Structures are given as C-alpha cells and as structure tokens.
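Each remark here refers to the structure printed beneath this line.
The values are calculated or read from the model by the stated rules, or taken from the named source; none is laboratory data. Model, not experiment: these values are computed from the prediction. Note that we place each Cβ from the backbone using ideal geometry, even for glycine, and neighbour counts take in every protein chain shown.
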Amino acid sequence: MGIIKKLPAHLEKFPGGGIAVTSLETILLQGQSKSVWYLLFGTACCAIELMCTGASRYDFDRLGMIFRATPRQSDLIIAAGTITKKMAPRLRRLYDQMAEPRYVIAMGGCTIKGGPFYYDSYAVEKGIDHIVPVDIYIPGCPPRPESLLEGCIHLQEKIRQQKLSDWQEK
Amino acid sequence: MTRDELKDYITKQFEGKMTLLDTGRHDPMFEVKPADLLEVSQKLHDDENLQLDFLCNLGAVDTGEIFEAVYSLDSTTLKMRLDFKLILPRDGAEVESVQKIWPGANWFEREMWELYGINILNHDNLKRFLLPDDWDQGHPMRKDWDAPDFIRMPEL
Amino acid sequence: MTWPIATAELFPIFSYLYELLESTGLPQPWLAIVVYTFLAVVMFGVLALLALFLVWWERKIAGHIQQRFGPMRHGWHGWYQTIMDAVKLLQKEDVRVATRDKPVFFWAPVICFVAAFLAYVTIPFGEGLIVADLNIGILYVMAVTTFTVISLLMAGWGSNNKYALLGGMRSAAQVVSYEVPMVASILVVVLFVGSLSMVDIVQAQAGGIWNWYAFRLPFGPIAFCTYIIAATAEANRTPFDIPEAEQELVAGFNVEYSGMKFAMFFLAEFVNAFTVSAIAVILFFGGWHGALLPSWMWFLGKTFMIVLLLMLFRWTYPRLRVDQLMEFSWKFLVPVTFVNIIIAAWFKYAGWYW
Amino acid sequence: MPELRTEEFQVNMGPHHPATHGVCRMILTMDGEKIVKIEPVIGYLHRALEKICENRTYAQCIPVTDRFEYVTAMSCNQVFAMAAERLAGIEVPERAEYLRVIMLELNRIASHLIFYGVTAMDLGALTPFLYGLREREAIIDLFEMTCGQRLTYNYIRVGGVAKDIPKEFIPKCHEAIDVITEKMSDYEGLLNENPIWLVRTKGIGVMPAKLGIDYGVSGPVLRASGVDYDIRRDDPYSIYDKFDWKPAVHQNGDCFDRYLIRLDEIKQSIKIIKQALEGLPEGDIKAKVSPNFKPPAGEVYARVENSRGELGIYIQSDGGKKPLRVKMRGGSYCQLQALPYFGTNCFIADLVAIFATLDIILPEVDR
C-alpha cells in the first residue's frame, strides 16, 4: 500500500504517465476486487448462513473469496450477527488490525440497526455503522446465502469504481 | 414416584420447611424460607427416595414488589422433577450459595447477582460476566430499570 | 523415426543461447555472471508461475473433492484467480506491529522466500536442464531447505505474538524431528547409487520403470513411503501443518504478517511443496526418464503427480497433535528408516542387491 | 548447571478465534503447550433475550426464541410453546404434535450434521465440514418449503404449528432421509477408522459422569459418559412415547464417544421421523388460541431435549398478556461451565477437540 499510495503522484510527472496510471489503476482495482479474502468472523445466526455460503451449494470460492483466520491477511470483514456492547470494541479492534484496503459488510438486521433487538434490549449495539465504516448492507434475519453472494458481487463492483487517486496521501 | 406421590412425600418429609404452592402448572412447586435453603437443598440432594442431583435451572424473578429465586431440580436416576422457590425482599436481597450441593449453580448465581443485584453469600467467584466490563448502569433485569438508550417497544 | 514432440527438448535452446553469448567474446568472469543472472531470473520466473499455478490447482482440487468448483468466475475455471490474488497482495498495506523485533520481523519472510528457491540450483528439470550439477547435490538441497525453519522461528519470535511464537516453536520442533527420517530415507538411494549428485542419481534409474527406486523391492518402496511422510511434514502440510494450525493458532507463525510479506510465506510454502515432490521424483521415480515426451515434461508431470498426492493428503486427513507428531517421527519413522538403511547396507556390502 | 527457569503464560483465546464457534473467550494459562487453567469469559453475545421476552406477548415471544438457539430453532419454538400451553392449559391437536416431532427431529439431524462438520474442521479435516453442510441443505430445503425460512423458523406456535405442510413435503422428506442414510456411511468412512482421527479423539477430554451431573451437563455429552438420560423418554413431552426408538448411550465420555453418539442420534432421529411420517393423521394443525391470550397466573418450567442437551424455559405469568419472567436455560451454558474442570492438563489442540465435541453454541450461553 505504501508505494502505491504515492505512485500516481510520481508517475504523472513523466510524459505519458497519466496513461500508465489509468492502466495501472485498472489492473490494481481488478486485482483487489477479484480477490477479496474475508475474515472468519461470525457472532450469531448469520454466521451459520455465512458457513453455508462457503459450503458446497453456494461456494464463496467461485468469486475468489476464501477465508483467513487472521485479520492481518483479510480484506473484508463480514459482520455476521449481532454486535453487542461488549463485542463492539473488539469489532473495532479487529477492523483496526486489518491491513488497508479494507471493507466491511454489515450482514443481517442486527448489524444494520439492531434488528429484532432494537427494542427492549440493554445490551445490543444499535447498528455497527458508528463503530466501523460499512460498505455494503445486507438486510435479512438472517439473509439468505444468495443475498450474501449478491452483496459480495456489489462490493466487488464498488471496489472497481474507486480511483487510485482516492487513496493518495494528502 | 408420580407427581401426586411426590407432593405427599415432600409435605410429609419436609414438614414446615417446604410448603406446596398452587402456582406450579406442570411440576409441583414449593416455597422454602431463605434461612432453610441449605438444609433443605442438602436433604433433597441426599434423600434416598428423591436423589435430586441435577440442577436444571436457577433464576431470579422480579415481580415488582419482591424477588423470587426459583430452583428447578431433577433426578437423573429416579427421573422426576421438582421446583421450589425462595421469596426475597426487594432491597438487600441475599441468598445463600448452593454451589456446594450443586456445583453447577455457580454461573446461575453469578447471573442473578449481576442482572438482579441479589447478593450471593459464600460464592467463590462473584465477578461480572454477561455485561460489559465497564458497565455502570445497575442491574438491567429489574423491572424498574431504565437507561437513556433503552427503548421500550411501543404498544401496538 | 523420432517422435516429433521428443524434439521439444529445452536443453538445445539453452546451449544455443550460451554459444551465442560466447561468440560475443565476453571475458570469462563476466560471462559466468551474465549466464547465472539469466538463469536465476528464468528460474525465479518459472517457479513463481509454478507456485501461482499450484495455488490455483490446490483450490480447484479442494473444490472438486468437496463437491464444489473452486474459483470459477475469473477466466476459464478461474485460471487467473491467483494472479489477481498476487496483484492484490502487492497493494495491501504492510502492517508493522509496534512491538515487533524489527530486523527479525523484516528478514523472516525474505529468508523463507530465498531458502525455498535456493534448492533449485541442483534440481534437474530435464536432461541437461540443471543450473549446477554439484557433486554434493542432495546434501546441498537438504542443507538449504532447512533454512526455512529458521525463518519460521524468526517470524514467530519477531511478531511478538504468543500464537506466532507457539507456531514458530512448533515448526522448529517438527522440522528438526522430521529431518532425521527424511535424510535417512534418502540415504538408502544414495547408498545404492554411490553418489550424491542429482544427475548421477537420475542416470542410475535409466532404462525403464523397473529401474526406478520406488519399485525396487524391498528397500525402495519403504524408503519412498517414509520419505513422503517426512516430506509432508517438512513442507508443513496437513496432516502435519501444526505450525499454522488455523483452528488452534489462528494462523501460526504468520499471524501478524500482511500483504507482500505474507505472500512470500505463502509462495514459499507452495515452492517447498514442489521442491519435496521434485526430490521424490528424482530419487524414486527416475527423474526425467520416460518415453516419447521430452524429458522436462516427464519431470514436471511426475512432480505434479506427487504434489497431487500431497494435496489429497491435505484434503482427507485431520491434523495431528504436536506431541503425537513427535512421537510418530521418533518412535516410528526413525526406527523404520534406520532398520531399512542397515539392512540395505548389509545387502549392498554382501553384493546381493541386483 | 542452574536449573532452567520456566514460566507459565497466558493466552487469550477469543472472542474472535476460529475454534470458539462464535464469540467465546477463554483465558488460558499455559505451561508451554500444556493448558494449566481455563477461564471462560462469556457475554459477548448477551442480547438480553429474557428482557425482550418480558415486554412481548406470548405470540410475539416465539420469534425471539428462534434467536436463542439458532442451530435448532425448532426446539426453542417448541419449548416456549409447550410452556405457554401448560400455563394456559391448551390442548394441541394430534396432527400438530406429529408435525412438531418431524420438524424437531429433522432439526436435530441438521444440527448434528453441523456438529460433524465443525468438529472435523476444528481437528484440521476440511472436507467433512463441507460434506456435513451439503446434506444439511436437503433438510433446510424442507424447512423452507414449510415455513419459508432457512434458519429462524417461527414455525411451532402456541397451540399448534403455523402452517400445514405442502403436498410435496412427504416424498421430499423421504428422499432427504434416504440421502442422509446413504451418506452416513460416507461420514463414518471418512472419520471413524481414520487413525489420525482416533488418536486425536480417543481418551481425550474424558468427562466423568459424576462431574457432568454435578455441573448440570446434559444431552449427548452426558449420555456419552454413560448416563442413560434422555428427556424425550424420561420426561416425555409431545408424542415421543408413541414411537419406537432408544436413546444412544456410550460409556467412555471421551471426545470420540461424544462424536459417535451424535452419529447414533442421527440414526435414531431418522427412525422417529419415518414412524411419524407413517402415522401422520389428518386433522387440525392449530388449537384456537387468541393472539393476545392471557394465561392464568402461575409458573412452569418446560424442557425439551435438543441436540445440545436440556433446553428449558421457565415462564412466570401474572395473568397479563405478557409473561412476567422468562428464564432460558441452554445445554451449552452448563457444558461451558463444566469445561474448566475436565479440560485442563491437555494440549491446546486437545482443548479445541474438547470444545468442538461439547458442541457449545454461544447464544445458548449468553442469551
């Protein structure tokens, strides 16, 4: 990430550097979007659906998504399941431990706005978007594997629409 | 023993210590005075004809005026069930720990202490465990508990 | 009449290139430098591609064993999936833990990567396709592949993470204990060939499938079995993958590594798997020998078959526990290999061996 | 030579760790690779289900119980419905009871298939995990056909079940059962005689029966230690006493027995389902119950045998339309509590095996 952050600024000094930057941008973003490794992170019901999505019938691996156990090597954290007030600092910590570029999918109602635990619950964090920035929301309780796959495909599209200059250090 | 025989047996054996309540809908429900808890529990656990060696459940109830601690027992050998409860005052509720008799009561009692604020005497590990470590909003399972971010479900 | 495809040998190309270079009249030390740099670059490129291919292949095989497809969407059956993975890993942030041991943390992946490639100096990819035919070939390979363990230990220590440290210690214990049966099973072959040179070992198996040591009863098959078990452990693959046991140690020694540093570990793992398979082929399956096809194809084909075997192990077996792993090595493999050597040596001494 | 100084150190396993099946945290005190002390820290999934139930009507509580134990959500529905029926004295039609038993047992098989897969994965074999989940999909399809959901069913209601099964259900169910029966040999073939599997599980994490009973351990885990105790038989609910089956019991109490007992239970469940499908009578599927019914004041502790042990719900009613108190008790709660007493003095890899074979699921612990 370090080199790439400064790359456009350096390249554009040369004649024809702009072309190099745009073609480089395409390759890099394609690479990023086509190899999204997700963190094995599941707290509640959605984790079972996450497991099913990785299993034979739905198969995450088709999209090039494999799981990593350590946050350092993963690009995507699928917050599958309720995040309680006790868990919230841990989620933030996991997010902080991930290497950039990193993405978050909020899977299920609980992570979006507390879901079925919005009312009358003293322990549930009402939405994870004030703990970590969320890229894709997938509603459902729990969402079906198809919707999770769809969400991941949307995420890939979203990654491809980025600009290399967005990452540049200011 | 059928349920009726059990009721008779208990009222005979534990005269004055356990009184039969009519609120138990499926299994017999008795009331025990907090002071008698340890003695009664030990006897229930050791009695040849009861052998209630399995603590199914232990939970507190807040009715608004009083606390109750409900013990659900089971015998793995004689296959019968029995419930009893303690009536505790709402402020300064204290109950003796039964983990010497049923070690599994440990966590149930911790939970009572944490969520209801019922003090457990002679408990070996009375530490916070369900709520966040920095929780400072009291005992959330009490009926009169409230907090700024606690939203009640509107009546339909 | 020669079979047309058999003329697709690579050696003539290289010798032609060498002659071309010689004709420029470059003085000797410079000539050697140019040649070896060229070879190093070619070797690196080939191995990097091989490793990427192996990752993809492993994922496909895993998928098909598990009744799914594996990578499907990126290219035909996801063929450029691993290239995309590499591109992504290249641009990941390099997380440097604040509490790390700076030099150790930095050098661990580099050493791991380099050690994995060093072995290829003496591995003959085909007839004449060898960088340097050292007379201590197999000994050299054994020596340099052991560097890997130092790097894993360094990674474990440098990360300043308990899981990583446990992983590093485990890998050290494991590699040290499996080195013994591995070398001992290699010795059987060396004993009969009478040479440590890779080319000599391969040449000794010329002349047909019955000359391959894997099929020479009784010592060959035993030595091969012990070798392949020890090699699986050497390459840190399931059922011996305890240094990075995902369910126990999260990711073991590489738990704190991200981006390119992790990619180095990852590629080195697959290069190591390829190395041990290549050595198995050289020692037991007649190296490049085979009919009709050019020699390098035979060599690669056989090696891929052994890699396939390792992959089948990986997707079938559970993982051993750390003490059971040691026990298996010291109480079973080591005695078996030693008995094997002693009897083989006796046969050799008595001149009974075919 | 001075003696080598060694030191115990602490490893924090979780709350996010691949082997803890959720968000359990265990503080391990380790001496090298050996575990000296385990201290479970729970509450990372404490969602206050009990508090929520206190502010819902009985009918509204059922979806909440789905989230209590999502792997076998049917049994949570069942136990709550059962408790409410006992409170209010509602009779359930016979067809509904049959449907309930079919669903409960199908759900038990689904749960045990997850157990099979996850345990194998924790011991390093990834392929059985996918095999287990593959057959589970067949059962999930059946549930989807009946109630439209894959995981949180809200199917068993107070007084009966939500919907009747569609026409295609019975042939499909037979088909699914046949597939699973056939694949059972696959499962057993992959692991039962696998030497690595045997050394990893045999004699590991032996739980004595006395300790289990003391700490309230129940279900398959207790039966693997030789205690013949199954609530389906010993405190019969629904119509389990009508069927011919017998609870699986094993004697050793180690990880291998805990694994075997689940496979045996799948076979028993298949047996029950077959009988239930055969005897399925025609008739009503739900008793007439007002959605805002008010049971008389009283209290009841109902319990069912789910795939993790005794699943109990204590309800106290004050005569209103909302329960005064709902206390949930899950099997995992007591199993996790007992873990520190027999899980120590083993390797970290063994702890993973023990934890996996206890089949602990965290929402049951934290609620």
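D:Arg200 meets all of the listed conditions (1) within 14 Å of chain C (Cβ to nearest Cβ); (2) within 20 Å of D:Ala248 (Cβ to Cβ); (3) among the basic types (Lys, Arg) but one, namely (2). Within region D:124-158, if we keep just the residues that are assigned to a helix (DSSP H, G or I) and facing another protein chain (nearest Cβ under 7 Å), the residue that is farthest from D:Leu113 (Cα to Cα) turns out to be D:Thr127. Just one residue in the set C:Trp330, C:Trp315, C:Trp296 is in contact (Cβ under 8 Å) with a residue 24 or more places away in the chain, aromatic (Phe, Trp, Tyr), within 14 Å of chain D (Cβ to nearest Cβ) and on the phi < 0 side of the Ramachandran plot; that residue is C:Trp315. Residues considered: C:Thr303, C:Thr232. Of these, the only one that is at pLDDT 85 or above, β-branched (Val, Ile, Thr) and more than 30 Å from C:Arg321 (Cβ to Cβ) is C:Thr303. Restricting attention to region D:235-287 and to residues that are basic (Lys, Arg) and closer than 29 Å to B:Asp27 by Cα, the residue that is surrounded by the most Cβ atoms within 10 Å (Cβ to Cβ) turns out to be D:Lys286. Residue pairs whose Cβ atoms lie under 7 Å apart, sitting 6 or more positions apart in sequence or on different chains, and linking a residue in region A:41-57 that is free of Cβ contacts under 8 Å to residues at least 24 places away in the same chain to a partner that is surrounded by fewer than 22 Cβ atoms within 10 Å (Cβ to Cβ) and in a loop (DSSP other than H, G, I, E, B), are A:Ser56/C:Gln67; A:Ser56/C:Arg68. May I ask you to say which residue of C:Val104, C:Val110, C:Val35, C:Val41 is free of Cβ contacts under 8 Å to residues at least 60 places away in the same chain, farther than 30 Å from C:Thr316 by Cβ, in the same structural domain as C:Tyr317 (by TED's automatic domain parsing) and surrounded by fewer than 21 Cβ atoms within 10 Å (Cβ to Cβ)? The conditions single out C:Val104. Here is the figure for region D:15-53: residues that are among the hydrophobic types (A, V, I, L, M, F, W, C), under 14 Å from D:Ile360 (Cα atoms) and within 12 Å of chain B (Cβ to nearest Cβ) total 4.
Taking the condition of being away from chain A (no Cβ under 14 Å) and either closer than 23 Å to C:Leu165 by Cα or not hydroxyl-bearing (Ser, Thr, Tyr) (or both), how many residues in region C:222-279 meet it?
Total meeting the criteria: 27.
Contact annotation: residue pairs with Cβ atoms under 6 Å, 6 or more positions apart or on different chains, pairing a residue in region A:84-96 that is closer than 14 Å to A:Ala123 by Cβ with a partner that is charged (D, E, K, R), are A:Lys85/A:Glu125; A:Ala88/A:Glu125. Of the residues making up region C:145-166, those that are within 11 Å of chain D (Cβ to nearest Cβ) and buried (at least 20 other Cβ atoms within 10 Å of the Cβ) are C:Asn161, C:Tyr163, C:Leu165, C:Leu166. Here D:Phe169, D:Phe143 are screened, and the one residue that is out of contact with any Phe, Trp or Tyr (no Cβ under 9 Å at 6 or more places or on another chain) and either buried (at least 20 other Cβ atoms within 10 Å of the Cβ) or among the aromatic types (Phe, Trp, Tyr) (or both) is D:Phe169.
Just wondering, is there one or more residues in region B:34-49 that are assigned to a loop (DSSP other than H, G, I, E, B) and touching a strand residue (DSSP E or B) at 6+ places or on another chain (Cβ under 8 Å)?
So far as region B:34-49 goes, no, none of its residues is assigned to a loop (DSSP other than H, G, I, E, B) and touching a strand residue (DSSP E or B) at 6+ places or on another chain (Cβ under 8 Å).
Before we move on, is C:Phe117 modelled with pLDDT under 85 and either closer than 24 Å to C:Ala143 by Cβ or assigned by TED's automatic domain parsing to the domain that holds C:Lys261 (or both)? Yes: the conditions hold for C:Phe117.
Of a type in the set (Lys, Arg), away from chain B (no Cβ under 13 Å) and under 17 Å from the mean Cα position of the chain (by Cα), is that true of D:Arg303? For D:Arg303, the condition - of a type in the set (Lys, Arg), away from chain B (no Cβ under 13 Å) and under 17 Å from the mean Cα position of the chain (by Cα) - is not met. If you filter region D:80-103 down to residues that are touching a Gly at 6+ places or on another chain (Cβ under 7 Å) and part of a helix (DSSP H, G or I), you find that the one that is surrounded by the fewest Cβ atoms within 10 Å (Cβ to Cβ) is D:Glu94.
With the requirement that a residue be assigned to a helix (DSSP H, G or I), closer than 20 Å to A:Ile159 by Cβ and either among the acidic types (Asp, Glu) or at the interface with chain C (Cβ under 7 Å from one of its Cβ atoms) (or both), what does region A:22-79 give you? Scanning region A:22-79 gives A:Glu25, A:Ile27, A:Leu28, A:Gln30, A:Gly31, A:Gln32, A:Lys34, A:Asp61, A:Arg62, A:Leu63, A:Arg72, A:Gln73. In region D:1-59, the residue that is nearest to A:Leu94 (Cα to Cα) out of those that are of a type in the set (Asp, Glu) and either surrounded by 22 or more Cβ atoms within 10 Å (Cβ to Cβ) or modelled with pLDDT of 85 or more (or both) is D:Glu39.
Part of a loop (DSSP other than H, G, I, E, B), within 14 Å of chain D (Cβ to nearest Cβ), over 15 Å from the mean Cα position of the chain (by Cα) and not aromatic (Phe, Trp, Tyr): is that true of A:Gly127 in this structure? In short, no. Within region D:177-197, being within 21 Å of the chain's Cα centre (by Cα) and either polar (S, T, N, Q) or within 14 Å of another protein chain (Cβ to nearest Cβ) (or both) holds for D:Thr181, D:Tyr187.
When we screen B:Leu115, B:Leu126 for residues that are in a loop (DSSP other than H, G, I, E, B) and either in contact with a Gly (Cβ under 6 Å, 6 or more places away or on another chain) or among the hydrophobic types (A, V, I, L, M, F, W, C) (or both), the only hit is B:Leu126. Checking each residue in region D:342-367 for being within 14 Å of chain B (Cβ to nearest Cβ), among the β-branched types (Val, Ile, Thr) and part of a helix (DSSP H, G or I) picks out only D:Val365. Scanning region D:181-190 for any residue that is assigned to a helix (DSSP H, G or I), within 30 Å of C:Pro239 (Cβ to Cβ), touching a residue at least 40 places away in the same chain (Cβ under 8 Å) and among the hydroxyl-bearing types (Ser, Thr, Tyr) turns up at least one such residue. Name the single residue that is surrounded by the most Cβ atoms within 10 Å (Cβ to Cβ) among those in region B:77-118 being more than 10 Å from chain D (Cβ to nearest Cβ) and among the β-branched types (Val, Ile, Thr). My answer is B:Val98.
The residues listed here are D:Gln78, D:Gln60; of these, the one that is among the polar types (S, T, N, Q) and under 19 Å from the mean Cα position of the chain (by Cα) is D:Gln78. Output the number of residues of region B:88-105 satisfying the condition of being among the acidic types (Asp, Glu) and either part of a helix (DSSP H, G or I) or in contact with a strand residue (DSSP E or B) (Cβ under 7 Å, 6 or more places away or on another chain) (or both). Matching residues across region B:88-105 total 2.
Within region B:15-29, if we keep just the residues that are part of a strand (DSSP E or B) and without any contact (Cβ under 8 Å) to a residue 60 or more places away in the chain, the residue that is farthest from the other protein chains (Cβ to nearest Cβ) turns out to be B:Thr19.
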